[in-house]
1. Among the numbered criteria (1) over 22 Å from the mean Cα position of the chain (by Cα); (2) more than 25 Å from Ala265 (Cβ to Cβ), which single criterion is violated by Ile131?
2. Within the range 240-253, does at least one residue satisfy the condition of being under 21 Å from Pro74 (Cα atoms), away from the ligand (no atom under 15 Å from the Cβ) and not hydroxyl-bearing (Ser, Thr, Tyr)?
3. Please work out which one of (1) under 19 Å from Val153 (Cβ atoms); (2) among the charged types (D, E, K, R); (3) buried (at least 18 other Cβ atoms within 10 Å of the Cβ) is the condition Arg272 fails and give its number.
4. Give the residue, chosen from Arg47, Arg86, that is of a type outside the set (Val, Ile, Thr), at pLDDT 95 or above and surrounded by fewer than 24 Cβ atoms within 10 Å (Cβ to Cβ).
5. With respect to Asp83, determine if the residue is touching a residue at least 40 places away in the same chain (Cβ under 8 Å) and at positive phi.
6. Return yes or no: is Val266 closer than 28 Å to Gly381 by Cβ and either away from the ligand (no atom under 16 Å from the Cβ) or in a strand (DSSP E or B) (or both)?
7. Residue check: is Leu34 modelled with pLDDT of 95 or more, more than 30 Å from Leu366 (Cα to Cα) and out of contact with any strand residue (DSSP E or B) (no Cβ under 6 Å at 6 or more places or on another chain)?
8. Checking Thr284 against (1) closer than 23 Å to Ala187 by Cα; (2) within 15 Å of the ligand (Cβ to nearest atom); (3) of a type in the set (S, T, N, Q), which test does it fail?
Amino acid sequence: MNHNHTPVLIIGAGPAGLTLSHLLHLDGVESIVLEKRSREEVEGTIRAGILEPATLDLMKRTGVGDRVAREGIPEEGIEISVDGNRTRIDLYGLTGKTAAIYPQHEFLKDFISRRLKDKGTILFNTTVRDIEGEVVTIETPAGEITHIRADHVVAADGSASPWRQKVAEVRARHEYPYAWFGLLVEAPPTHSELIYATHPAGFALISKRNENVQRYYLQCDPNDQPEDWPEERIWEQLHLRADSNEITVSEGNITEKAVLRFRSAVTEPMQRGNLYLAGDSAHTVPPTGAKGLNLAVADVEVLAPGLIRAVKTGHTDLLDKYTEFALPHVWRAQQFSWWMSSLLHATKGENHFSARRRIAQLRSVLDSEAGRRFLAEQYVGTQAKELTS
Ligand code: PHB
């Protein structure tokens, strides 16, 4: 195959890059996806897994939704526990929509296998060395340096993207005074629905992966190391923060421990010349609410029609509006992730006033139907298209 020229070159085989490549292909626009890791690494990196209805809808509409329909766990509601008292947020009843629990690497497997079945080009173990306008310099798996000419280049290579600086004028950031200690546990499910628990000792999230493997998180200090959390402390804190009427966090063998940093960042604009940012290269959200993947998909749903029109007709009018169309949903997701994080986490040194006020604010959301509906709508997400049409 001749890789000397492509209409669209996509850096990164993550949610943004693969979804974009798939959407372009369905409209007859070919692309090359470059990925510095191996296929095994991409398919084996475990990340949060809540797919919003808009993401599920895109998968179904574009022919990659069969497996998630079979294996995804429908999320019709979530529960919020305040000092051991649970309130159910009826996501389906309040919004008519359901999300699904489906880990990110399963999403990636579905898109990789479909791109390869459609004879798409994904070059694994391939590193981008430089981008100069239309000329992209790459290093092949064999260590050779070569060039690809691309009319459009999309950097979808995650939050450490070195190409962001070629685009960014403003990088808005927020750091949070807490982090999550994430655990994979071989145990039966604690409960049928996710539990977001707040307690004076800190936040805990009881999520799941399948019938035998559960995903738990404990609020921790951003500087904590896994060694700071011996098993005894883990179980004591999970029970203290998340046990509630009739529900006891189920214990088991812990197979993975990692500290997840909490950061918000947004790059503006998301385009300069023929270089576009999509997904985490442009913005990161903290894990509360698991919006990251959905936001990446929402970006490329906006970017794809602009690229298709530009490649087919030469008109860049839609493409030039990419930043303007993408940013509103990015900022709404930032706001929601920040709001939910702030309501649920006890901050270090939180004084009596702040702690009581925070719980009163949370209760005023949970105890009102309007409040629960607002939370549910934001949690299941707003389609980018609704915002831009
Ligand atoms: C997860 O299962 O990893 C998860 C679920 C919900 C969240 C964040 C992470 O809000």
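The values are calculated or read from the model by the stated rules, or taken from the named source; none is laboratory data. Here the structure is a predicted model, which means the values were calculated and not measured. Cβ placement follows ideal geometry from the backbone for every residue including glycine, while neighbour counts extend to all protein chains displayed.
1. Condition not satisfied by Ile131: (2).
2. Looking for residues that are under 21 Å from Pro74 (Cα atoms), away from the ligand (no atom under 15 Å from the Cβ) and not hydroxyl-bearing (Ser, Thr, Tyr), one finds at least one in the range 240-253, hence yes.
3. Going through the list (1) under 19 Å from Val153 (Cβ atoms); (2) among the charged types (D, E, K, R); (3) buried (at least 18 other Cβ atoms within 10 Å of the Cβ), Arg272 breaks only (3).
4. Arg86
5. In short, yes.
6. Yes, satisfied.
7. no
8. Against the list (1) closer than 23 Å to Ala187 by Cα; (2) within 15 Å of the ligand (Cβ to nearest atom); (3) of a type in the set (S, T, N, Q), Thr284 comes up short only on (1).
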